[in-house]
Amino acid sequence: MLELRNVETFYGNIMALKGISLSISEGEIITLIGANGAGKSTTLMTICGLVPARRGDILFMGRPIGRMEPHEIVALGISQVPEGRRIFPLLTVTENLDMGAFLRKDRAQIARDRDHVFSLFPILKERRHQQGGTLSGGEQQMLAISRALMARPRLLLLDEPSLGLAPLVVQLIFRMIEKINEENRTTILLVEQNANMALKIAHRGYVMENGRITLEGVAASLLDNEDVKRAYLGL
Ligand code: ATP
(Lines give C-alpha, C1' and ligand atoms only; values in the text may rest on other atoms or scores of the structure.)
Protein backbone atom coordinates (compact mmCIF):
# COMPACT_ATOMS: atom_id res chain seq x y z
CA MET A 1 0.00 0.00 0.00
CA LEU A 2 2.75 2.43 0.95
CA GLU A 3 6.38 2.31 0.01
CA LEU A 4 9.19 4.71 0.87
CA ARG A 5 12.44 4.27 -1.06
CA ASN A 6 15.58 6.07 0.12
CA VAL A 7 13.64 9.12 1.29
CA GLU A 8 15.72 12.10 2.41
CA THR A 9 14.14 15.07 4.18
CA PHE A 10 15.83 18.27 5.28
CA TYR A 11 15.00 21.18 7.58
CA GLY A 12 17.15 23.84 5.94
CA ASN A 13 20.62 22.29 5.95
CA ILE A 14 19.79 19.72 8.60
CA MET A 15 19.22 16.25 7.21
CA ALA A 16 16.45 14.74 9.33
CA LEU A 17 15.76 11.62 7.21
CA LYS A 18 18.91 10.03 5.80
CA GLY A 19 17.50 7.59 3.26
CA ILE A 20 14.47 5.90 4.78
CA SER A 21 13.00 2.80 3.11
CA LEU A 22 9.91 1.06 4.44
CA SER A 23 6.80 -0.66 3.18
CA ILE A 24 3.31 -1.20 4.53
CA SER A 25 0.78 -3.71 3.22
CA GLU A 26 -2.96 -3.15 3.30
CA GLY A 27 -4.50 -4.13 6.64
CA GLU A 28 -1.29 -4.01 8.66
CA ILE A 29 -0.50 -2.13 11.85
CA ILE A 30 3.10 -0.99 11.56
CA THR A 31 4.90 0.78 14.37
CA LEU A 32 7.85 3.10 14.13
CA ILE A 33 9.79 3.35 17.38
CA GLY A 34 12.90 5.24 18.40
CA ALA A 35 14.30 7.89 20.74
CA ASN A 36 13.43 11.59 20.74
CA GLY A 37 14.68 13.28 17.60
CA ALA A 38 15.19 10.02 15.66
CA GLY A 39 12.98 11.31 12.83
CA LYS A 40 9.69 9.50 13.48
CA SER A 41 7.44 12.58 13.24
CA THR A 42 9.39 13.80 10.22
CA THR A 43 8.67 10.47 8.51
CA LEU A 44 4.92 10.93 9.04
CA MET A 45 5.01 14.57 7.92
CA THR A 46 6.97 13.62 4.82
CA ILE A 47 4.40 10.93 3.91
CA CYS A 48 1.51 13.40 4.17
CA GLY A 49 3.32 16.13 2.27
CA LEU A 50 3.70 18.62 5.14
CA VAL A 51 7.50 18.48 4.85
CA PRO A 52 8.61 17.67 1.30
CA ALA A 53 11.09 14.87 0.61
CA ARG A 54 14.16 16.24 -1.15
CA ARG A 55 15.17 12.84 -2.58
CA GLY A 56 13.69 9.37 -2.88
CA ASP A 57 10.26 8.00 -3.79
CA ILE A 58 7.01 7.71 -1.91
CA LEU A 59 4.40 5.44 -3.50
CA PHE A 60 0.82 5.04 -2.25
CA MET A 61 -1.23 2.32 -4.00
CA GLY A 62 1.45 2.37 -6.68
CA ARG A 63 1.18 6.14 -7.29
CA PRO A 64 3.99 8.57 -6.61
CA ILE A 65 2.80 11.05 -3.97
CA GLY A 66 6.14 12.65 -3.04
CA ARG A 67 5.41 15.85 -4.97
CA MET A 68 1.72 16.15 -4.08
CA GLU A 69 0.10 18.78 -1.85
CA PRO A 70 -1.18 17.64 1.57
CA HIS A 71 -4.86 18.07 0.59
CA GLU A 72 -4.34 15.86 -2.48
CA ILE A 73 -2.76 13.20 -0.29
CA VAL A 74 -5.70 13.34 2.16
CA ALA A 75 -8.08 12.93 -0.78
CA LEU A 76 -6.22 9.76 -1.81
CA GLY A 77 -6.92 8.25 1.61
CA ILE A 78 -4.12 9.14 4.02
CA SER A 79 -5.02 10.94 7.27
CA GLN A 80 -2.71 11.99 10.06
CA VAL A 81 -3.39 12.37 13.78
CA PRO A 82 -0.62 14.82 14.71
CA GLU A 83 1.48 14.74 17.86
CA GLY A 84 -0.15 16.83 20.58
CA ARG A 85 -3.60 16.18 19.01
CA ARG A 86 -4.15 19.74 17.66
CA ILE A 87 -7.91 19.70 17.79
CA PHE A 88 -9.77 22.99 17.25
CA PRO A 89 -10.25 24.15 20.87
CA LEU A 90 -13.05 26.65 20.23
CA LEU A 91 -15.11 24.35 17.99
CA THR A 92 -17.49 21.80 19.46
CA VAL A 93 -16.82 18.07 19.25
CA THR A 94 -19.28 17.75 16.35
CA GLU A 95 -17.73 20.70 14.51
CA ASN A 96 -14.26 19.20 14.96
CA LEU A 97 -15.54 15.96 13.42
CA ASP A 98 -17.09 17.88 10.51
CA MET A 99 -13.69 19.47 9.84
CA GLY A 100 -12.31 15.96 9.32
CA ALA A 101 -14.88 15.42 6.56
CA PHE A 102 -14.36 18.77 4.84
CA LEU A 103 -13.23 17.22 1.54
CA ARG A 104 -16.33 15.00 1.37
CA LYS A 105 -19.73 15.77 -0.12
CA ASP A 106 -21.69 12.61 0.82
CA ARG A 107 -23.77 14.11 3.65
CA ALA A 108 -25.73 10.97 4.56
CA GLN A 109 -22.59 8.83 4.79
CA ILE A 110 -20.85 11.55 6.83
CA ALA A 111 -23.68 11.36 9.38
CA ARG A 112 -23.34 7.55 9.53
CA ASP A 113 -19.57 7.87 10.00
CA ARG A 114 -20.15 10.35 12.84
CA ASP A 115 -22.43 7.78 14.51
CA HIS A 116 -19.73 5.17 13.99
CA VAL A 117 -17.02 7.21 15.75
CA PHE A 118 -19.51 7.94 18.54
CA SER A 119 -19.96 4.17 18.92
CA LEU A 120 -16.16 3.75 19.18
CA PHE A 121 -15.86 6.59 21.71
CA PRO A 122 -19.25 7.04 23.46
CA ILE A 123 -17.85 9.79 25.70
CA LEU A 124 -17.54 12.00 22.60
CA LYS A 125 -21.25 11.60 21.93
CA GLU A 126 -22.02 12.75 25.46
CA ARG A 127 -19.74 15.74 24.95
CA ARG A 128 -20.72 16.51 21.34
CA HIS A 129 -21.90 20.09 22.05
CA GLN A 130 -18.86 20.89 24.24
CA GLN A 131 -15.87 22.90 22.97
CA GLY A 132 -12.88 20.71 22.12
CA GLY A 133 -10.58 22.73 24.38
CA THR A 134 -12.63 21.81 27.46
CA LEU A 135 -12.09 18.05 26.98
CA SER A 136 -9.54 16.04 28.98
CA GLY A 137 -6.28 15.02 27.27
CA GLY A 138 -7.58 11.50 26.64
CA GLU A 139 -10.86 12.78 25.21
CA GLN A 140 -8.95 15.18 22.95
CA GLN A 141 -6.89 12.25 21.67
CA MET A 142 -10.11 10.32 20.98
CA LEU A 143 -11.44 13.38 19.14
CA ALA A 144 -8.25 13.75 17.10
CA ILE A 145 -8.42 10.08 16.04
CA SER A 146 -12.15 10.39 15.29
CA ARG A 147 -11.62 13.55 13.26
CA ALA A 148 -9.02 11.72 11.15
CA LEU A 149 -11.43 8.80 10.67
CA MET A 150 -14.07 11.20 9.32
CA ALA A 151 -11.93 11.53 6.18
CA ARG A 152 -12.46 7.74 5.62
CA PRO A 153 -8.72 7.02 5.43
CA ARG A 154 -7.31 3.82 3.99
CA LEU A 155 -4.08 4.62 5.83
CA LEU A 156 -4.12 6.27 9.25
CA LEU A 157 -0.92 7.87 10.57
CA LEU A 158 -0.83 8.19 14.35
CA ASP A 159 1.87 10.31 16.03
CA GLU A 160 2.42 9.42 19.70
CA PRO A 161 -1.22 8.83 20.68
CA SER A 162 -0.19 7.81 24.22
CA LEU A 163 1.75 11.04 24.94
CA GLY A 164 0.89 12.49 28.36
CA LEU A 165 -2.07 10.20 29.03
CA ALA A 166 -2.85 8.10 32.10
CA PRO A 167 -2.16 4.34 31.73
CA LEU A 168 -5.84 3.34 31.70
CA VAL A 169 -6.63 5.87 28.96
CA VAL A 170 -3.61 4.66 26.98
CA GLN A 171 -4.96 1.10 27.17
CA LEU A 172 -8.35 2.25 25.90
CA ILE A 173 -6.81 4.19 23.01
CA PHE A 174 -4.67 1.20 21.99
CA ARG A 175 -7.69 -1.15 22.12
CA MET A 176 -9.54 1.26 19.83
CA ILE A 177 -6.58 1.43 17.42
CA GLU A 178 -6.75 -2.37 17.15
CA LYS A 179 -10.51 -2.21 16.64
CA ILE A 180 -10.24 0.45 13.91
CA ASN A 181 -7.70 -1.79 12.15
CA GLU A 182 -9.85 -4.94 12.48
CA GLU A 183 -13.24 -3.43 11.64
CA ASN A 184 -12.52 -1.62 8.39
CA ARG A 185 -9.11 -3.09 7.56
CA THR A 186 -7.81 0.45 8.03
CA THR A 187 -4.04 0.28 7.67
CA ILE A 188 -2.18 2.00 10.50
CA LEU A 189 1.28 3.51 10.86
CA LEU A 190 1.82 4.15 14.55
CA VAL A 191 4.68 6.28 15.87
CA GLU A 192 5.25 5.64 19.57
CA GLN A 193 7.64 6.22 22.44
CA ASN A 194 5.69 3.54 24.32
CA ALA A 195 7.45 0.78 22.37
CA ASN A 196 6.13 -2.00 24.56
CA MET A 197 2.47 -1.27 23.94
CA ALA A 198 3.00 -0.37 20.30
CA LEU A 199 4.82 -3.63 19.53
CA LYS A 200 2.09 -5.59 21.31
CA ILE A 201 -0.61 -4.40 18.90
CA ALA A 202 1.53 -4.07 15.75
CA HIS A 203 2.15 -6.74 13.12
CA ARG A 204 5.59 -5.41 12.22
CA GLY A 205 7.87 -2.65 13.41
CA TYR A 206 10.76 -0.43 12.37
CA VAL A 207 13.34 1.05 14.73
CA MET A 208 14.70 4.50 13.86
CA GLU A 209 17.92 6.05 15.10
CA ASN A 210 19.32 9.38 14.05
CA GLY A 211 17.41 9.65 10.75
CA ARG A 212 17.91 6.02 9.69
CA ILE A 213 16.08 2.73 10.04
CA THR A 214 18.37 0.44 11.99
CA LEU A 215 16.16 -2.58 12.58
CA GLU A 216 12.93 -4.04 11.24
CA GLY A 217 10.93 -7.18 11.75
CA VAL A 218 7.74 -8.80 12.98
CA ALA A 219 6.63 -7.17 16.20
CA ALA A 220 6.99 -10.30 18.34
CA SER A 221 10.63 -10.74 17.31
CA LEU A 222 11.40 -7.05 18.03
CA LEU A 223 9.85 -7.46 21.50
CA ASP A 224 12.28 -10.33 22.01
CA ASN A 225 15.33 -8.55 20.56
CA GLU A 226 18.01 -7.84 23.18
CA ASP A 227 18.96 -4.42 21.72
CA VAL A 228 15.32 -3.33 21.57
CA LYS A 229 14.74 -4.56 25.13
CA ARG A 230 17.70 -2.60 26.42
CA ALA A 231 17.18 0.63 24.46
CA TYR A 232 13.40 0.95 24.22
CA LEU A 233 11.69 -1.42 26.65
CA GLY A 234 13.71 -0.57 29.76
CA LEU A 235 14.45 -4.27 30.40
P1 ATP B 1 10.03 13.17 18.94
O2 ATP B 1 9.53 11.89 19.48
O3 ATP B 1 10.78 13.98 19.96
O4 ATP B 1 9.00 13.97 18.18
P5 ATP B 1 11.02 12.23 16.43
O6 ATP B 1 11.67 10.89 16.33
O7 ATP B 1 9.62 12.34 15.98
O8 ATP B 1 11.17 12.76 17.90
P9 ATP B 1 11.56 14.42 14.68
O10 ATP B 1 10.63 15.34 15.39
O11 ATP B 1 11.14 13.87 13.38
O12 ATP B 1 11.95 13.21 15.63
O13 ATP B 1 12.96 15.17 14.52
C14 ATP B 1 14.03 14.66 13.70
C15 ATP B 1 15.17 15.68 13.66
O16 ATP B 1 14.75 16.83 12.93
C17 ATP B 1 15.61 16.18 15.02
O18 ATP B 1 17.00 16.35 14.99
C19 ATP B 1 14.89 17.51 15.17
O20 ATP B 1 15.62 18.39 16.00
C21 ATP B 1 14.85 18.00 13.74
N22 ATP B 1 13.66 18.85 13.49
C23 ATP B 1 12.38 18.49 13.65
N24 ATP B 1 11.53 19.48 13.31
C25 ATP B 1 12.33 20.50 12.88
C26 ATP B 1 12.09 21.83 12.39
N27 ATP B 1 10.84 22.28 12.23
N28 ATP B 1 13.16 22.60 12.08
C29 ATP B 1 14.42 22.14 12.23
N30 ATP B 1 14.72 20.91 12.68
C31 ATP B 1 13.71 20.10 13.02
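The values are calculated or read from the model by the stated rules, or taken from the named source; none is laboratory data. Here the structure is a predicted model, which means the values were calculated and not measured. Heads up, the Cβs are rebuilt from the backbone with ideal geometry, glycines too, and the neighbour counts pull from every protein chain shown. Side chains included, ligands, DNA and RNA excluded: accessible areas come from the protein's heavy atoms. Shrake-Rupley method; radii C 1.70, N 1.55, O 1.52, S 1.80 Å.
Principal axis lengths of the range 153-205 from Cα atoms, whole Å, largest first?
Its Cα atoms span 28, 20, 17 Å along the three principal axes.
Work through the residues other than Met15 whose Cβ is under 13 Å from its Cβ and net out their charges, Lys, Arg +1 and Asp, Glu -1.
+3
Please give the peptides 53-64, 142-153 ranked by average Cβ packing (other Cβ atoms within 10 Å per residue), highest first, as a rough proxy for protection.
Details: 53-64: 14.7, 142-153: 23.2.
Peptide ranking by packing, descending: 142-153, 53-64.
When the accessible area of the range 90-150 is computed with all protein chains present and a 1.4 Å probe, what percentage of it is carbon and sulfur? Could you put the intermediate results ahead of the total?
On the way: 1630 of 2950 Å².
That fraction is 55 percent.
Sort the range 35-137 into rounded, prolate or oblate with this rule: let a ≥ b ≥ c be the square roots of the eigenvalues of the Cα gyration tensor; rounded if a/c is under 1.5, and if a/c is not under 1.5, prolate when a/b is larger than b/c, oblate otherwise.
Details: a/c = 2.70, a/b = 1.59, b/c = 1.70.
Cα axes put the range 35-137 in the oblate bin.
In this model, which of Lys125/Lys229; Lys40/Lys179; Lys105/Lys125; Lys40/Lys105; Lys18/Lys105 are farther than 29 Å apart at the alpha-carbon?
Checking Cα-Cα distances, Lys125/Lys229; Lys40/Lys105; Lys18/Lys105 exceed 29 Å.
Mind checking the range 107-146 for trypsin sites (Lys or Arg not before Pro) that DSSP puts in a loop (not H, G, I, E or B) and that have at most 11 other Cβ atoms within 10 Å?
Details: sites: Arg107, Arg112, Arg114, Lys125, Arg127, Arg128; in loops: Arg127, Arg128.
Hits after loop and neighbour filter: nothing returned.
Could you grab the Rg to Rh ratio for the range 164-235? Cα atoms only, Kirkwood for Rh.
With Rg and the Kirkwood Rh in hand, the quotient comes to 0.98.
Tell me the relative contact order for the chain as a rounded percent, counting alpha carbon contacts under 8 Å between residues six or more apart. Could the numbers behind the result be given before it?
On the way: 441 pairs, mean separation 64.9, N = 235.
Relative contact order here is 28 percent.
Remind me, what semi-axes does the chain give for its equivalent ellipsoid, largest first in whole Å, using sqrt of 5 times each Cα gyration tensor eigenvalue?
28, 21, 16
When a/c is below 1.5 the answer is rounded, else prolate if a/b is larger than b/c, else oblate, so apply that to the range 92-222 with a ≥ b ≥ c taken from the square roots of the Cα gyration tensor eigenvalues.
prolate
For the Cα atoms of the chain, what angle does the longest principal axis make with the long axis of helix 107-120, in degrees from 0 to 90, nearest 10?
Between the helix axis and the principal axis of the chain, the angle is about 70 degrees.
Identify the residues of the range 37-52 with backbone N under 20 Å of a label point that sits 7 angstrom from the Cα of Arg212 along the Cα-to-Cβ direction, or state none.
From the range 37-52, the list is 37-44.
Please state the relative contact order of the range 90-150 as a whole percent: Cα pairs under 8 Å, 6+ residues apart?
58 percent
Give me the number: length gained by fully extending Thr134 to Glu69, i.e. 0.36 nm times residue separation minus the C-alpha to C-alpha distance, one decimal in nm. Working shown, then result.
Numbers: separation 65, 0.36 × 65 = 23.40 nm, distance 3.21 nm.
Going from the current span to full extension adds 20.2 nm.
Pull up all non-local amide H partners of Tyr206: gap of 5 or more, or a different chain, and H-to-H distance under 5 Å with H placed in the peptide plane.
Thr31, Leu32, Ile33
Which order, highest average first, do 75-86, 176-187 follow once you tally other Cβ atoms within 10 Å for each residue and take the mean per peptide?
Ranking, from highest mean packing down: 75-86, 176-187.
Normalised by the number of residues in the range 71-197, what is the relative contact order in percent for Cα pairs under 8 Å and 6+ residues apart? Don't skip to the answer; put the middle values down first.
Numbers: 167 pairs, mean separation 44.3, N = 127.
After rounding, I find 35 percent.
What accessible area per residue comes out for the chain, rounded to a whole number of Å², with a 1.4 Å probe?
Heavy-atom accessible area per residue stands at 47 Å².
Rounded if a/c is under 1.5, else prolate if a/b is larger than b/c, else oblate: which is the range 90-150, with a ≥ b ≥ c the root eigenvalues of its Cα gyration tensor?
Prolate, because a/c is 1.5 or more and a/b exceeds b/c.
So in the chain, what percent of DSSP beta bridges are antiparallel if you round to the nearest 5?
Within the chain, antiparallel bridges account for around 55 percent of the total.
Just how much of Val218 is accessible, in Å², when a 1.4 Å probe is used and the result is rounded to the nearest 10?
For Val218, solvent-accessible area is about 80 Å².
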